[in-house]
1. Output the residue which, of all residues in the range 165-185 that are charged (D, E, K, R) and closer than 20 Å to Leu306 by Cα, is surrounded by the fewest Cβ atoms within 10 Å (Cβ to Cβ).
2. Taking Ala50 as meeting all but one of (1) surrounded by 24 or more Cβ atoms within 10 Å (Cβ to Cβ); (2) out of contact with any Pro (no Cβ under 7 Å at 6 or more places or on another chain); (3) at pLDDT 95 or above; (4) within 16 Å of Glu296 (Cα to Cα), write down the number of the exception.
3. Taking Phe275 as meeting all but one of (1) buried (at least 19 other Cβ atoms within 10 Å of the Cβ); (2) more than 19 Å from the chain's Cα centre (by Cα); (3) of a type in the set (Phe, Trp, Tyr), write down the number of the exception.
4. Looking for whichever is surrounded by fewer than 24 Cβ atoms within 10 Å (Cβ to Cβ) and either farther than 25 Å from Asp292 by Cα or touching a residue at least 40 places away in the same chain (Cβ under 8 Å) (or both) here; the options are Asp162, Asp188. Which one fits?
5. For the range 131-146, name all the residues that are surrounded by fewer than 22 Cβ atoms within 10 Å (Cβ to Cβ) and touching a residue at least 12 places away in the same chain (Cβ under 8 Å).
6. Has the range 268-285 got at least one residue that is hydroxyl-bearing (Ser, Thr, Tyr) and under 20 Å from Asp162 (Cα atoms)?
7. Return yes when Asp232 is touching a strand residue (DSSP E or B) at 6+ places or on another chain (Cβ under 8 Å) and buried (at least 17 other Cβ atoms within 10 Å of the Cβ) and no when it is not.
8. Out of the residues in the range 60-81 that are touching a Gly at 6+ places or on another chain (Cβ under 7 Å) and under 20 Å from Glu122 (Cα atoms), which is surrounded by the most Cβ atoms within 10 Å (Cβ to Cβ)?
Amino acid sequence: MGQHAVARPSRRGPRRSLEAAIVLLLATASLVLGVASQETSTPSGPAGGATAAPAPAPVAVDPAAFPPGGCVWLAPTGAGPAATVALDAGHGGPDPGSEGTADGAVRREKDLTLAVARAAAERLRARGTTVVLTRSTDDLGTPLARGAVQDGALTTDASQLDLLGRVRCANLARADALVSVHFNSFADPEVGGTETLYEPERTFARENRALAQSLQTAIRARLTAGGHTPLDRGIADDSSGAESGGGHLVLLGPRIPGYIDEPSAMPGALVEPLFLTHPDDLAAVAEPGGTDALGEAVATGVTEFLDGAQRR
């Protein structure tokens with residue numbers, strides 16, 4: 001998870017340490033909906049054996065508040081129950097996240113998460129779901145001020161603003177669910193497995209847990225069907241980590257003045273399907289169709305959660 005997280009052999013999740021009080025200054029804007037135009041193929045697909053979904057040519061939710069490619073809306077391509085899902089491809093731009101090496105090629109987290117999010121978006125759209133991508137290109141989906149990158153890396157404050165912008169995007173879209181896609185890493189290459197994080201301290205904590213379990217189950221089932229059986233690390237409380245004494249994830253956490261001034265307003269979960277530092281885990285995502293399979297699993301997990309929510 002790069003600078004955003006430090007993995008551990010047991011429960012772990014990405015953490016961000018706030019170095020200074022952050023004030024998010026994004027203009028309130030109404031949701032702009034339109035008809036998505038024709039999509040074009042990705043010029044050079046993300047690394048990692050991705051059978052990359054076509055690069056989206058979507059409608060901007062709020063062009064005034066987000067840069068090109070950031071916070072974009074994709075119309076359904078098929079019939080199905082009306083719902084909106086926000087998909088967040090972790091990291092991006094100057095923030096590559098974690099990485100691993102397979103067949104002599106470096107696989108960066110930011111590329112893999114984008115490939116998975118795109119693949120999940122295509123399947124959800126085919127099922128009648130509106131999809132909002134917090135970023136649809138390699139770049140970050142949030143405008144960054146001068147000095148956001150220092151010594152080749154995104155500063156802590158800039159990272160915080162980026163995360164808050166992703167939450168703002170999901171809220172503007174009035175999404176019914178938020179799924180953030182990441183990959184794990186650890187210093188010990190023998191540590192691996194699949195984990196999904198959720199927030200238990202919200203008014204919709206029950207829905208958060210249900211979404212996390214649905215995603216974890218779908219991802220595990222898809223990996224097993226593909227001949228991979230990584231360790232099942234289960235679903236975890238997002239604030240159970242040891243980093244900096246633990247703390248809530250910005251994308252999922254409750255309101256914390258000066259840290260999360262505008263929390264996400266919908267059930268959410270953060271998936272970490274595999275460890276890029278574990279050889280077998282990395283092989284599963286780096287093989288041809290690896291990210292596409294994970295995208296299918298994410299779409300299945302979200303769909304089953306939404307179907308269950310309608311029955312309740």
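The values are calculated or read from the model by the stated rules, or taken from the named source; none is laboratory data. Given the structure is predicted, the values throughout are model-derived calculations rather than measurements. FYI the Cβ positions are ideal-geometry reconstructions off the backbone, even for glycines, and counts take in every protein chain you see.
1. Our first condition is that a residue be charged (D, E, K, R); within the range 165-185, this holds for 166, 168, 174, 176.
From the residues that got through so far, the ones that are closer than 20 Å to Leu306 by Cα too are 174, 176.
Details: Arg174: 13, Asp176: 19.
Checking each candidate, the answer is Arg174.
2. (3)
3. Result: Phe275 fails condition (2) only.
4. Details: Asp162 fails: surrounded by fewer than 24 Cβ atoms within 10 Å (Cβ to Cβ).
One residue alone meets the criteria, Asp188.
5. Keep residues of the range 131-146 that are surrounded by fewer than 22 Cβ atoms within 10 Å (Cβ to Cβ), which gives 137-139, 143-146.
Listed by number, the residues that qualify are Thr137, Asp138, Asp139, Pro143, Leu144, Ala145.
6. Taking the range 268-285 first, the residues hydroxyl-bearing (Ser, Thr, Tyr) are 277.
In the following step, the residues that additionally are under 20 Å from Asp162 (Cα atoms) were identified as none.
The answer is no; no qualifying residue exists.
7. On the way: touching a strand residue (DSSP E or B) at 6+ places or on another chain (Cβ under 8 Å): yes; buried (at least 17 other Cβ atoms within 10 Å of the Cβ): no.
So Asp232 does not fit the description; no.
8. Cys71
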